[in-house]
Amino acid sequence: MKSLWSEEEARAFPGELGQRVYSSRLLGRDKSLVLHGGGNTSVKLRERDILGRDIEVLYVKGSGWDLENIEAAGFAPVRLEHLRQLAQLPTLSDPQMVNELVTHLTRAAAPVPSVEAILHAILPYRYVDHTHADAVVTITNTAQGAARIREIYGESVVVVPYVMPGFELARACAQRFAAEAGPGTIGMVLLHHGIFSFGDTARQSYERMIALVGRAEQYLQQHKAWDICWPQAPQPAADVALDLARLRREISLVAGSALVMRRQADARSRAFAARSDIATISQQGPATPDHVIRTKPLPMLGRDVQAYAKTYGEYFANQEGTAAERKTMLDAAPRLVLDPELGLCTLGKSARDSCIVAEIYSHTIDIILRAAALGGYSALSAKDLFDVEYWDLEQAKLRRSGKAPAFAGEVALVTGAASGIGKACVEALLGRGAAVVGLDIQPGIAVLHQRADFLGIVCDLTSEAALRQALSQAVDAYGGLDMLILNAGIFPGGCRIEALASEEWRRVMRVNLDANVALMRDAYPLLKLAPRGARVVVIGSKNVPAPGPGAAAYSAAKAALNQLARVAALEWGADGIRINTLHPNAVFDTAIWTPEVLASRARHYGLTVEAYKKNNVLGVEVRSADVAELAAELCGQAFAKTTGAQIPVDGGNERVI
Ligand code: ZN
């Protein structure tokens, strides 16, 4: 472990708070120290309040901020003297503690201070850094963890046995610190949790963290517990899309809401899942309490979701306290699945969450295997895990995150997604919390959005093999398919029937009709497994109810597609699949409306281009985004009891009305 400190970089962060921001980011840069919102840092500053009094303020990381990209505004300023006095109280409940923290901020707009704020306050150093460093939690999660930590660090750290984060932990640390700290103390190790370092300057505190964690890494190396030797992984199973979708459905049903499921089938994950001792090493809880909420206490082995839920229920029923009442607060669904064929599957309410769980577990795998090499992984007790999972503060955090978006945990696939209506549909669906797979023949689709909840696949829809491949990629990324938007289509230039070449007719049919039949057919088994019932939206055309001359192939293909959708509504209704059609007209911000086509159509009606754009009953321009919003709404609650419908989006057309 190397210090990343650079004096040159540090100069760009003036002031003591600036230095705090800089060294916090350095910690955040190293994923073996902190992951996703984990860890926290602070600095104690003297300030003058509005009455001119000199006060001490603890700037501590606020919740909702990641160390990696924290800014000065991410530190919550709390009156330090008040925190020191709170630490003297014999008890303080979690809600009381949060109330005290929030009501003693010196800036109303500050984020909620870290629940470890009191702990930071009682440490008599200007800068305090806290991480859940992999190497340190590896060693503390072994049977002789405490003794090993002593052996590594001697008197340079205070060692605190495991206590759940919050007020009790702050008190335990204060007591240990008063009893054990000496002039050589530069840090504090919390067993089964993490490590603190402190110093007079940001650099000193940061570099002590690096040095302390470096010693733990060295210890692991010396004990041949650093380099992991991976056994040969079994071959990844092919054609598991339906298995995955089935698994995601079952887990979502137990969770009570749709979840996105990400499959990680790399050699490392498969080798871990296929280990002969997996049932022992994976079933002992996470490396630090910080991970419990996202990963759940234990991964599921294999695919028996009901058995997992039952064990989970029994596991907690055996714990003391108001278990029965608390049980209703959380679901018994796993967030991690280890299966020798599937590899590692991780679940979350969004694609981002599923990625975070995967990243956390990837570190956990290293920790478990290194601890195993050191004599055996031994994590928190079931009781401790129970307490963390049902922790008031964690539950409050979940509640604060607010109402879930309409399509949270669901997966949509949009064809023709690189431009026009398709691109707008991607945005409308992402905006409602869905994970979206976009297909297009344009290479730009691959880079349309750089975010965890979007997967762009370059795909020729007229190739059935390419469609199947895209579906399987979608399932690997997100676990299934809940919504399908059939949008892709071509609009050839005007051509009368007597001049229509057969090859042109077939080309239009292949894209506008045949590709949709193939996709619907191949997507059906997946749609059937959508936990909340699947929805299909067909982007039709005004030409279906009101065709115009010169577009025979286009109109006939769209009319056939329309009839196909109606039959699908009849055939698939019993499977809970709804299919509805939109008939847009005169949407000009799409790829098929080149300026030439637009001008030619306007000429055809004897109008200027401007007048042609608003040539409808309402006199409005219909944009891609208008169609996309309605397409997304068709997938939503308002249309939960509608199938087989055809809705115009055309500003009102006299021939349609
Ligand atoms: Zn912590």
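The values are calculated or read from the model by the stated rules, or taken from the named source; none is laboratory data. None of the values given here were measured: they were computed from a predicted structure. Heads up, the Cβs are rebuilt from the backbone with ideal geometry, glycines too, and the neighbour counts pull from every protein chain shown. These area figures cover heavy atoms from the full protein model, side chains too; ligands, DNA and RNA do not enter into them. Shrake-Rupley method; radii C 1.70, N 1.55, O 1.52, S 1.80 Å.
Computed values, structure above
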quantity: Rel. contact order, % - alpha carbon contacts under 8 angstrom, at least six apart, the chain; calculated: 10 percent
quantity: Rounded to 5, percent antiparallel among DSSP beta bridges of the chain; calculated: 50 percent
quantity: The stretch 112-167: mean projected area of Cα convex hull, nm²; calculated: 4.8 nm²
quantity: Long-range amide H partners of Arg535 with built H, under 5 Å; calculated: Met483, Leu484, Arg578
quantity: Partners for Lys44 among aspartates and glutamates (Cα-Cα distance below 15 Å; same-chain residues under 8 apart left out); calculated: Glu16, Asp54, Glu56, Glu81, Glu116, Asp129, Asp200
quantity: Solvent-accessible area per residue, Å², over the chain with all protein chains present [probe radius 1.4 Å]; calculated: 42 Å²
quantity: The stretch 35-97, relative contact order in percent, only Cα pairs under 8 angstrom and at least six apart counted; calculated: 28 percent
quantity: Förster radius 41 Å - calculated FRET efficiency between Ala109 and Ser381 (Cβ-Cβ, nearest 0.05); calculated: 0.50
quantity: Backbone HN-Hα couplings from phi across the stretch 496-512 [Karplus 6.51/-1.76/1.60, Hz, Gly and Pro as x]; calculated: 6, 4, 5, 10, 6, 6, 4, 5, 5, 4, 5, 4, 5, 5, 4, 7, 7
quantity: Candidate lysines for bridging to Lys641, where Cα separation is under 22 Å - those fewer than 8 sequence places away on the same chain excluded; calculated: Lys528
quantity: Amide proton proximity set for Thr581, modelled H, under 5 Å, gap of 5+; calculated: Val538, Ala645, Gln646, Ile647
quantity: Carbon/sulfur fraction of accessible area - the chain, other protein chains in place, 1.4 Å, %; calculated: 52 percent
quantity: D_trans [Stokes-Einstein, Kirkwood Rh over alpha-carbon pairs] for the stretch 181-285, 37 °C, 0.692 mPa s, µm² s⁻¹; calculated: 178 µm²/s
quantity: Residue-wise HN-Hα coupling along the stretch 3-16, computed from phi with Karplus coefficients 6.51, -1.76, 1.60 (Hz; x: Gly, Pro); calculated: 6, 9, 4, 10, 4, 5, 4, 4, 4, 6, 10, x, x, 5
quantity: Rounded to whole Hz, the Karplus (6.51, -1.76, 1.60) HN-Hα couplings of the stretch 100-117, x for glycine and proline; calculated: 5, 4, 6, 7, 10, 6, 9, 9, 4, 7, 5, x, 5, x, 3, 5, 9, 4
quantity: Highest to lowest packing among 276-289, 217-230, 363-376, scored as the average C-beta count within 10 Å; calculated: 363-376, 276-289, 217-230
quantity: Amide H partners (placed H, <5 Å) of Tyr377, local residues excluded; calculated: Ala372
quantity: Angle in degrees between helix 202-222 and the longest Cα principal axis of the chain, rounded to the nearest 10; calculated: 90 degrees
quantity: Cα-derived Rg to Rh of the stretch 579-657, Kirkwood definition; calculated: 1.03
quantity: The chain: equivalent-ellipsoid semi-axes (sqrt of 5 x gyration tensor eigenvalues, Cα, Å); calculated: 55, 29, 22
quantity: Relative contact order %, the stretch 426-494, counting alpha carbon pairs below 8 Å whose residues are six or more apart; calculated: 23 percent
quantity: Under 17 Å from Lys614, Cα to Cα: aspartates and glutamates that are on another chain or at least 8 residues apart; calculated: Asp589, Asp626, Asp650, Glu654
